[in-house]
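Novice: The following block contains the structure, expressed as structure tokens.
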Amino acid sequence: MNLQSIQALITAATPFLRVDGVKPAIWCRNVQGGPRFGPWQYEAVFTELDNHTWQREGEVIYFVTDAQQRLRLVGESSRKLNDRWRMSPMHDVETRAHLGRKALFHSTAWGAIESGISAEAPPFTVSALFRDDLQTLIAELGVAEDLPQSQGPLCRRTESAILASVGATWKLWNKKGVVRKAAVI
């Protein structure tokens with residue numbers, strides 16, 4: 001997928017969150033263990049830009065861009081945004097006691113996001129493009145042949161095409177363990 005097409009997808013997406021900053025906070029999720037447990041180092045300070053989009057159900061691709069409009073993360077959900085971008089109860093790492101508040105959390109990439117946020121200055125905007133709009137835009141751009149030909153969901157195939165095109169070069173946050181400056185698109 002070429003850079004102009006990727007930029008067109010990002011531009012067409014609806015912003016629904018803006019991460020304005022972070023504050024230090026050691027916390028964990030109330031799960032047995034594994035990559036979603038933590039411990040986490042930050043609590044995001046964010047602004048909800050569009051609750052309707054954030055709560056909307058349906059297959060969706062989402063993008064995180066920095067203040068210079070550089071792509072930092074691309075992801076997808078087959079069901080809804082708040083399956084991935086959720087408000088999770090914060091717990092004490094040692095005692096597992098509830099801390100009495102919730103924090104913004106990404107279900108599969110929070111560790112990479114924390115690393116990115118610690119290396120780059122906010123704000124970061126999270127935007128979403130739902131399947132019907134994505135399908136229309138892909139047809140208009142003429143990039144359907146750039147998508148993997150698997151039978152998987154359209155948003156997952158689009159995410160894969162973007163990662164194959166620019167993921168390694170731009171060191172996106174969803175490329176595990178690597179955080180570097182992004183290319184301007």
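Read-outs: derived from the displayed coordinates by stated rules, not from any lab. All values reported here derive from a predicted model rather than from experimental measurement. With ideal geometry, Cβ positions are generated from the backbone for all residues, glycine too; neighbour counts draw on all protein chains shown.
Novice: Just to check I understand the Karplus step: with θ = phi - 60° and J = 6.51 cos²θ - 1.76 cosθ + 1.60, what whole-Hz values come out for segment 146-161, glycine and proline as x?
Specialist: Calculated HN-Hα couplings, in order: 7, 8, x, 8, 5, 8, x, x, 4, 5, 5, 5, 5, 4, 4, 5 Hz.
Novice: Give me Lys23, Lys80 sorted ascending by neighbouring Cβ count inside 10 Å, so fewest comes first.
Specialist: Ranked by crowding around the Cβ, least crowded first: Lys23, Lys80.
Novice: Work out, step by step, the length gained on full extension between Gln69 and Glu48: first 0.36 nm times the residue separation, then minus their alpha carbon distance; give nm to one decimal.
Specialist: 5.7 nm
Novice: Moving on. Which number comes out as Rg/Rh for segment 72-185 once both Rg and the Kirkwood Rh are worked out on C-alpha atoms?
Specialist: Over the Cα atoms of segment 72-185, Rg/Rh equals 1.02.
Novice: I'd like the FRET efficiency for Asp92 and Gln151, computed as 1/(1 + (r/R0)^6) with the beta carbon distance as r and R0 of 41 Å, rounded to 0.05.
Specialist: After rounding, the FRET efficiency stands at 0.40.
Novice: So which GluC sites (Glu not before Pro) in segment 32-106 are both in a DSSP loop and have at most 14 other Cβ atoms within 10 Å of their Cβ?
Specialist: For GluC sites (Glu not before Pro) across segment 32-106 that sit outside H, G, I, E and B with at most 14 neighbouring Cβ atoms in 10 Å, the list reads Glu94.
Novice: Find which of Ala103, Ala8, Thr136 sits farthest along the positive direction of the dipole of segment 3-170, computed with +1 on the beta-carbon of Lys and Arg, -1 on that of Asp and Glu, about the Cα centre.
Specialist: Ala103
Novice: Counting Lys and Arg as +1 and Asp and Glu as -1, each charge on the Cβ, what is the dipole of the chain about the Cα centre in debye, to the nearest 20?
Specialist: Computed charge dipole of the chain: roughly 540 debye.
Novice: Of Gln41, Gln149, Gln135, which is the most mobile in a GNM of the chain whose springs link Cα atoms less than 10 angstrom apart?
Specialist: Comparing Gln41, Gln149, Gln135 in a Gaussian network model of the chain, the most mobile one is Gln149.
Novice: Still on this structure: With a 10 Å Cβ neighbour count serving as the proxy for reagent exposure, in which order, fewest first, do Met87, Met1 appear?
Specialist: Met87, Met1
Novice: A follow-up question, please. What does the charge count around Lys80 come to, taking other residues whose C-beta lies under 12 Å from its C-beta (Lys +1, Arg +1, Asp -1, Glu -1)?
Specialist: That sum, taken over residues with Cβ under 12 Å, equals +1.
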